[in-house]
Amino acid sequence: MSSSMVSVTIDGRTVEVEAGSNLVDASFKAGVQIPHYCYHPRLSVVGQCRMCLVKIEGVPKLQTGCTTQITKDGMVVRIDDDEVRAAQEGIMEFLLINHPLDCPICDQAGECALQDYSFKHGQAFSRFSYEDKRTYPGKERIPLGPNVVLNMNRCIQCTLCVRFTEEITQTGELGFFQRGSRAEIGVFPGKELDNPLSTCVVDICPVGALTSTQFRFAERVWYLDKTPSLCTGCDAGCNITLEHRQGKIRRYKPRTNVEVNDYWMCDFGRTTFLSYEEDRLTTPQRRDAQGQMRATTWDQALSSVYHFLIDGAAMGTVGIVARGAATTEEAYLLRLLADSLETPHRGVLREPGPVRSIPNLNGGLTGREITPNRRGALLAGLGPAGLGPEDSEASADSATSPGEAEKILGGAVNGAHSVLLIFDGGRAGSDNALSRPAALESLRQAQTVVVLGWASTELTQVADIVLPIATHAETEGTLVNSQHRLQKFERAFLPPSGVRTGVEALSDLVRRFRSDFAAQTVSEVFDLMAGETPSLEGIRLAGLPAGGIQLPVPPE
Ligand code: SF4
Ligand code: SF4
Ligand code: FES
């Protein structure tokens, strides 16, 4: 045991923790739950709710676990104890004196700490009459800002939300007003809760006092299925839980990863799935001799793509371009395709976007690009020809002039690369490198444009062949974020009928050039890629930890 470690025994389970850790944190490690409302590992400790009372051997009175630091070895703590149980029941009874019996109409029902602790630590009766509940008339639905609504009747005054705006975003919009039983939270005069992380207060509010304007009344939470995933709103790569029902995403919630987004995600990221159902492509299409797009089969569409690519390769005019929305495995297949065609014209677009910052213990995480995986595409070898994956990544990361992908798009004007295969991943109406008039005009000059994407966009309007592929919720794969961290996401649900995943579509295409190409699944493609990429040596998709793996950072 190192000198900074101390041992503590909680309900008979002994664990070692850093000296100075508090008992609530230590209980997580011991696999024992100390119920708590006002404690959050990233916020100052206020010892306010008294829900975390524990019995400590040698200490005459019960102590709050969140304010008790373990400084010496051998502390013995009991939670499974009659005195502790009586205290918990008492706190619950006090909290419920004024709490409305709102569960049937409350958005938090099903994921509410007050509900859960009532079952686990409360009692089935109250000695206080229902009629005398304190209420805040007219404060049942107060918009605190564009994303958050307050119902003051449900607030248990834990102040987590206030401390979040003081300590995490440091924007200080929220305050605790009035005194005693009339205490209430609200925004300071002239302010509104409108910072880039504002919806995180909804996540940390233990009850249904704070609800999200996007999600309130949209779904009962017990109907939701939950899948570990990644936000694709920028290259920060925040870990999320993708919550969905019957093939529809209902909300994103941050998934804790202390190395990446810690407990948080930004408000913008939470909106990025909203357009997934708009203008959805569900069948392959091919432009006919009259210039009209006609539905076709996958087999016919891929055969046409194959012949266009062969012809283009014979004339040396094939270009393969991806946006950083492609997963690392999809980018690897694009690179194999480019290798088969022996074309040097391949690349991934660099698309700078607004800076998005997420606080964490390592100084914060930053996203600066509008696509999540440019670095993964470079790692997969979709960089300038003649450079190995790591070399191309280093060169592209330091480049300030247009990259190969931008040059290929520009080259379409003079027909230099007149057969273009483009992996998109954008949505209609979004501002990206492939939706701008100059790029579209350039593409109109190309002889043939093949687009893989999930939505009908300005780009698909100029395409000759359109292949409908899955959104990131409908497939699995890996992304490499701005920290050069390789992270995986899982499939939440199947794509609509007629839609294939990018890996299915591209591996089918690669097989038309290389009959010996056997990889079909994302896992097989990843393992193949890892086998020839030095920085992925020894990594297998199945063994990739939930929190991802930090890859070597190439020199700038
Ligand atoms: S609104 Fe929620 S987070 Fe804020 S003080 Fe009330 S219960 Fe706590
Ligand atoms: S910072 Fe980027 S990755 Fe994180 S939640 Fe926001 S948009 Fe998504
Ligand atoms: S969690 Fe310890 S007093 Fe609230």
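The values are calculated or read from the model by the stated rules, or taken from the named source; none is laboratory data. The structure presented is a predicted model; accordingly, all values stated were derived computationally and were not measured. Positions of Cβ are backbone-derived with ideal geometry, glycine not excepted, and every protein chain shown enters the neighbour counts. For the accessible areas, the whole protein counts, side chains as well, though only heavy atoms, and no ligand, DNA or RNA atoms are used. Shrake-Rupley method; radii C 1.70, N 1.55, O 1.52, S 1.80 Å.
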### Query
If you go through segment 48-56 one residue at a time, do you hit one that is away from ligand 1 (no atom under 14 Å from the Cβ), among the charged types (D, E, K, R) and assigned to a strand (DSSP E or B)?
yes
### Summary
Residue set ARG134, ARG127; condition open to solvent by 20 Å² or more (accessible area, probe 1.4 Å), without any contact (Cβ under 8 Å) to a residue 60 or more places away in the chain and touching a Ser or Thr at 6+ places or on another chain (Cβ under 8 Å); output residue ARG134
### Message
Report every pair of residues separated by at least 6 positions or lying on different chains whose Cβ atoms are under 6 Å apart, first residue within segment 33-48 and farther than 15 Å from ILE91 by Cα, second open to solvent by 60 Å² or more (accessible area, probe 1.4 Å) and more than 16 Å from ligand 2 (Cβ to nearest atom).
### Response
LEU43/GLU167; VAL45/THR67
### Query
Just one of THR71, THR67 is more than 16 Å from ligand 1 (Cβ to nearest atom), under 28 Å from VAL8 (Cα atoms) and modelled with pLDDT under 95; which is it?
THR71
### Query
Is at least one residue of segment 320-337 part of a strand (DSSP E or B) and open to solvent by 10 Å² or more (accessible area, probe 1.4 Å)?
no
### Query
How do the pairs read when you match residues in segment 470-489 that are part of a strand (DSSP E or B) with residues anywhere that are among the aromatic types (Phe, Trp, Tyr), using Cβ under 9 Å and keeping only pairs 6 or more apart or on different chains?
GLY477/PHE489; GLY477/PHE526; THR478/PHE489; THR478/PHE526; LEU479/PHE489; LYS488/PHE526
#### Entry: Per-region count, segment 33-53, residues at pLDDT below 95 and among the β-branched types (Val, Ile, Thr)
0
## Note on the structure
For ALA26, the lone unmet condition from (1) free of Cβ contacts under 8 Å to residues at least 12 places away in the same chain; (2) crowded, with 17+ Cβ neighbours inside 10 Å is (1)
### Task
Given the conditions (1) under 14 Å from CYS158 (Cβ atoms); (2) more than 15 Å from ligand 3 (Cβ to nearest atom), report the number of the one that ARG50 does not fulfil.
(2)
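From the list ALA446, ALA505, pick out the single residue that is in the same structural domain as LEU337 (by TED's automatic domain parsing), in contact with a helix residue (DSSP H, G or I) (Cβ under 9 Å, 6 or more places away or on another chain) and either assigned to a loop (DSSP other than H, G, I, E, B) or among the hydroxyl-bearing types (Ser, Thr, Tyr) (or both).
ALA446
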### Message
Between PRO545, PRO534, which is free of Cβ contacts under 8 Å to residues at least 24 places away in the same chain and under 27 Å from GLY367 (Cβ atoms)?
### Response
PRO545
### Task
Among the candidates THR199, THR211, single out the residue that is over 26 Å from GLU351 (Cβ atoms) and under 20 Å from the mean Cα position of the chain (by Cα).
THR211
### Query
How many residues are aliphatic (A, V, I, L, M), open to solvent by 10 Å² or more (accessible area, probe 1.4 Å) and under 29 Å from THR296 (Cα atoms) when one looks only at segment 523-556?
0
### Task
Report whether or not PHE164 is within 16 Å of ligand 3 (Cβ to nearest atom), under 19 Å from PRO206 (Cβ atoms) and open to solvent by 40 Å² or more (accessible area, probe 1.4 Å).
no
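Every residue, every condition in (1) in contact (Cβ under 8 Å) with a residue 12 or more places away in the chain; (2) surrounded by 20 or more Cβ atoms within 10 Å (Cβ to Cβ), yes or no:
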| position | (1), (2) |
| --- | --- |
| GLU173 | yes, yes |
| GLN178 | no, no |
| PRO189 | no, no |
| GLU192 | yes, no |
| ALA218 | yes, no |
| TYR223 | yes, no |
### Residue that is surrounded by fewer than 24 Cβ atoms within 10 Å (Cβ to Cβ), modelled with pLDDT of 95 or more, out of contact with any helix residue (DSSP H, G or I) (no Cβ under 8 Å at 6 or more places or on another chain) and more than 24 Å from VAL305 (Cβ to Cβ), where the choices are ARG436, ARG485
ARG485
### Query
Can ILE156 be described as more than 24 Å from ILE358 (Cβ to Cβ), more than 16 Å from ligand 3 (Cβ to nearest atom) and touching a residue at least 40 places away in the same chain (Cβ under 8 Å)?
no
### Query
Would you pick out the residues in segment 300-350 that are acidic (Asp, Glu) and either over 27 Å from PRO372 (Cα atoms) or not assigned by TED's automatic domain parsing to the domain that holds VAL510 (or both)?
ASP311, GLU342
### Task
Note down all Cβ pairs under 6 Å where the first residue falls in segment 432-446 and is under 16 Å from ARG323 (Cβ atoms), the second is modelled with pLDDT under 85 and in a helix (DSSP H, G or I), and they're at least six residues apart or on different chains.
ALA439/LEU409; SER442/LEU409; SER442/ALA412; SER442/VAL413; LEU443/ALA412
### Message
Quick check on this structure: which one of ILE34, ILE91, ILE97 is within 16 Å of ligand 3 (Cβ to nearest atom), of a type in the set (A, V, I, L, M, F, W, C) and part of a helix (DSSP H, G or I)?
### Response
ILE91
### Query
What number goes with the only condition from (1) crowded, with 17+ Cβ neighbours inside 10 Å; (2) over 17 Å from MET51 (Cβ atoms); (3) not small (Gly, Ala, Ser) that VAL77 does not pass?
(2)
## Note on the structure
Scanning segment 250-267 for residues that are among the hydrophobic types (A, V, I, L, M, F, W, C) and either closer than 21 Å to PRO545 by Cβ or more than 14 Å from ligand 2 (Cβ to nearest atom) (or both) gives VAL258, VAL260, TRP264, MET265
### Message
On the basis of being under 26 Å from GLN461 (Cα atoms), away from ligand 2 (no atom under 16 Å from the Cβ), among the small types (Gly, Ala, Ser) and at pLDDT 95 or above, does ALA313 make the cut?
### Response
no
### Message
Between SER340, SER357, which is away from ligand 3 (no atom under 16 Å from the Cβ), open to solvent by 10 Å² or more (accessible area, probe 1.4 Å) and under 30 Å from LEU43 (Cα atoms)?
### Response
SER357
### Complete set of residues in segment 208-253 that are within 16 Å of ligand 1 (Cβ to nearest atom) and of a type outside the set (Phe, Trp, Tyr)
GLY208, ALA209, LEU210, THR211, SER212, THR213, ARG216, LYS253
